[in-house]
1. Scan (1) in a loop (DSSP other than H, G, I, E, B); (2) modelled with pLDDT under 90 for the single condition residue 314 breaks and write down its number.
2. For segment 71-94, does any single residue satisfy the condition of being at pLDDT 95 or above and farther than 30 Å from residue 277 by Cβ?
3. Could you say whether any residue in segment 1-12 is more than 23 Å from residue 189 (Cα to Cα), touching a strand residue (DSSP E or B) at 6+ places or on another chain (Cβ under 7 Å) and in a helix (DSSP H, G or I)?
4. Could you tell me whether segment 141-149 includes any residue that is surrounded by fewer than 17 Cβ atoms within 10 Å (Cβ to Cβ), in the same structural domain as residue 67 (by TED's automatic domain parsing), touching a residue at least 24 places away in the same chain (Cβ under 8 Å) and more than 26 Å from residue 62 (Cα to Cα)?
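The values are calculated or read from the model by the stated rules, or taken from the named source; none is laboratory data. Model, not experiment: these values are computed from the prediction. All Cβ positions, even for glycine, are placed from backbone atoms using ideal geometry, and neighbour counts span all protein chains on display.
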């Protein structure tokens, strides 16, 4: 297959008649632990000429089960699809997590899958994955139920980073602290933003640092502050830049966070362009300055800090 086939729910999963190797989970962030599950499915599918699939759920179960404090996601659905396509997944099934679905018992889960996916050959999960009403099902039950219908189950052990388990919740915490280097290490790819360049108030031009405003409203915002980033548009090479993400407390504080990017090298980027911003290094937290002149001097320091970061990265 070429490209990622997307299915809106199990009922809509009309797939080619090939063995389906299916990774199951929420997979928010698609970090290295998630990738170990998904890559096992991909490897097995390639070996037997089958399909590598991912079954995930939307919205996050916490929206239904814990509406007063739902989990804020690391990635929107479009970002998840982008990363899954990069990994080489053939099929993505995004199943609605509804009250009816949450009521499916653990021992009904495998027959439910088998009914909708007749070519299902194997299931891939993390070793701590839970399923079924009340999350009563574990890997041992999944294996027992799968064997009844001739399915194999593969469970991947948790991966550790610096002695602690890699998890979406841990990455969320680090992202809100601005620890983007650790976030990227555990994701296994660079945290990124997709957006469209918009026309802003052009205040940056008045102090000598023109910026591109990138439209972006994440569910879980990173820490407000200044970052070294790279900007990509289409097939063009990455452009080094320094980005400010926050409320701009010094000049006309905004009610919602803005992502403003100052390019460190010449680029043809223009208003209306679709861009990807790769977040590489946290430089400093957002601050309020006493005057525009103080802000201008700090931005010049930020610019030098970003250039130093890129120079060191190139030499390492």
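1. (1)
2. Looking through segment 71-94, none of the residues is at pLDDT 95 or above and farther than 30 Å from residue 277 by Cβ.
3. yes
4. Checked against the condition, which is being surrounded by fewer than 17 Cβ atoms within 10 Å (Cβ to Cβ), in the same structural domain as residue 67 (by TED's automatic domain parsing), touching a residue at least 24 places away in the same chain (Cβ under 8 Å) and more than 26 Å from residue 62 (Cα to Cα), segment 141-149 yields at least one hit.
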